[in-house]
Amino acid sequence: MYLTKTPQFVQNFFPNFTWKIPTSEKVIYLTFDDGPIPEVTPWVVDQLEQYNAKATFFCVGDNVRKYPEIFNMLKDNGHTVGNHTFNHLNGWQTENVAYFHNVRHCARLVETDLFRPPYGKLTNKQVQFLQRHYRIVMWDVLSGDFDPKISKDQCLSNVKNHAEPGSVVVFHDNIKSFDKLEYVLPKVLAHFSEKGYQFEALVAKDQVVGQPLLKIA
């Protein structure tokens, strides 16, 4: 069970998390979780390039270790990167100290203060510790590309019907999601571009000199 659009009361309950970026401008923040992998991530970068779109990739540390050239390609192409733990851990099922070590292991590779917990799951103690060191980025639109029970068109509708100025939208650059992503991403880029939207990356602290820090919603 998951919600395509994160309700406002949920966002209000965790005000220190970033759910969306407050703006009236036509800007959407596309994010991609679980990569980088050679089967999907370069394709995503190519699609984004066609629209001069920038995005944020929340990387699994073990994939960064295995595919450093793809990770470097993300940064070289103007995208930003975030920490998604080293082994894609579920915070609800992982002892706190082990979870923190796993996050730090990934942090040594990605060198960013942007953090998104896999599955969006953290315990209260994990939140208290991590938010002292990282900017915890959630989302306000979940595409559902990971869900085998929904169609490609439903996945597309999830984004088209719910994204708005400042939305943080979640996709996944992994094998499981690629069938839907391959169909949906080009259509999302075309649809919102035609409506005058731009696609920007979230900016990590000190990642780009002279650029604004990530705003906390």
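The values are calculated or read from the model by the stated rules, or taken from the named source; none is laboratory data. Owing to the predicted nature of the structure, the values given are computational and were not obtained by experimental measurement. Cβ placement follows ideal geometry from the backbone for every residue including glycine, while neighbour counts extend to all protein chains displayed.
Remarks
- Residue selected from the range 110-137 under the condition in contact with a Ser or Thr (Cβ under 8 Å, 6 or more places away or on another chain) and in contact (Cβ under 8 Å) with a residue 40 or more places away in the chain, by the criterion surrounded by the fewest Cβ atoms within 10 Å (Cβ to Cβ): PRO118
- The range 141-165, residues that are in contact (Cβ under 8 Å) with a residue 40 or more places away in the chain and either surrounded by 20 or more Cβ atoms within 10 Å (Cβ to Cβ) or of a type in the set (A, V, I, L, M, F, W, C) (or both): VAL141, LEU142, SER143, GLY144, ASN158, ALA163
- The range 22-40, residues that are touching a residue at least 60 places away in the same chain (Cβ under 8 Å) and over 13 Å from the mean Cα position of the chain (by Cα): PRO22, THR23, SER24, GLU25, LYS26, VAL27, ILE37, GLU39, VAL40
- VAL81 modelled with pLDDT of 95 or more, crowded, with 22+ Cβ neighbours inside 10 Å, in a strand (DSSP E or B) and among the β-branched types (Val, Ile, Thr): yes
- If you go through the range 73-102 and keep only what is touching a strand residue (DSSP E or B) at 6+ places or on another chain (Cβ under 8 Å) and more than 20 Å from TRP19 (Cβ to Cβ), you end up with LEU74, LYS75, HIS79.
- Subset of the range 22-70 (residues that are assigned to a strand (DSSP E or B) and among the aromatic types (Phe, Trp, Tyr)): TYR29, PHE32, PHE57, PHE58
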